[in-house]
Structure formats: C-alpha cells, structure tokens
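For reference, the structure discussed in these notes is given below.
Bear in mind that the values in this text are calculations on the coordinates, not laboratory data. Since this is a predicted model, take the numbers as computed values, not measurements. As a convention, Cβ positions derive from the backbone with ideal geometry for all residues, glycine included, and neighbour counts pool all protein chains shown.
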C-alpha cells in the first residue's frame, strides 16, 4: 500500500489491493520479467564493430601562420587567405575582430563553409534573434589547401 511521508506518497511496488504474495508478479501472456531457468547458460561474448576501439589517425602538428604556436586540432583549423597554410580558428577570429569595424550589438560569428558573418543582435541578451549584416568570405571555395586533402584522406574515404 502507499505510505505517506513528508514528500508525499511513496509506492511500495504493489498495486492497491494486492497482497505481498502477488507483488511483483505479472500475470498474462506477454511478461517482460526475466524468468529463472534451471539451465541458465551464459551467452558467449562476440565483439561487435562498435566494441572494437578505433585509433585516431596520426596527423602532423604544423605551426600557426599567425601566432607560431602548434595546431593540435588540425581538422578545426582554418586556411590563411594568402599562403593557404593552416591557422588557428581563434587566430582568424582575433584578426577579424581587429580589422572589422563593429557597431553596437554587432559580433563576428562563424556561419560555416569558411565564412564569417557580422551579426547584429537586437537584444544582446537574447542570442536567438539576430540579423546577418554582412558576410566575410574567409576561405576561398575554389582554392583547396594541400593540408586539407591530407586531413580528408585520413578521416574519410571521399575527398
């Protein structure tokens, strides 16, 4: 039966009107409860592809063309506009913030495919409502850097 405690009612695992003997036993044809058998054999474990650990591909650690520090996360790096060398994403963002004139409630945001946007927020506390004022094409879609092809070849089967 349900008992009252200072948080409200607690459930003892029995339906109302059910005795202790019948508690926990479900009657019926489709019983999800595990039945105990005398011949309880354990199944042998067969490894699945999901169970086999996958090693990360080894990538070079080039230095950033802007700050000179090593780039440990090469897939997240950007390409320098002029030299096509890898640069930190944060270094590109810092360079854009220094070079772009931003108005009140404007912010530079990455919008994908090598592009950044100068975004205007009507209310700076509500980041759900915004308007893209202008788009900055950082990475040229026509020019593919050689280091990008190397990263793609190690992570995927398509280029």
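For residue 106, the conditions (1) surrounded by 13 or more Cβ atoms within 10 Å (Cβ to Cβ); (2) under 30 Å from residue 72 (Cα atoms); (3) touching a residue at least 24 places away in the same chain (Cβ under 8 Å) all hold with the exception of (2). Does residue 112 satisfy being more than 20 Å from residue 68 (Cβ to Cβ), surrounded by 15 or more Cβ atoms within 10 Å (Cβ to Cβ) and without any contact (Cβ under 8 Å) to a residue 60 or more places away in the chain? Against the criterion (more than 20 Å from residue 68 (Cβ to Cβ), surrounded by 15 or more Cβ atoms within 10 Å (Cβ to Cβ) and without any contact (Cβ under 8 Å) to a residue 60 or more places away in the chain), residue 112 does not qualify. Scanning region 77-92 turns up at least one residue that is more than 24 Å from the chain's Cα centre (by Cα) and surrounded by fewer than 14 Cβ atoms within 10 Å (Cβ to Cβ).
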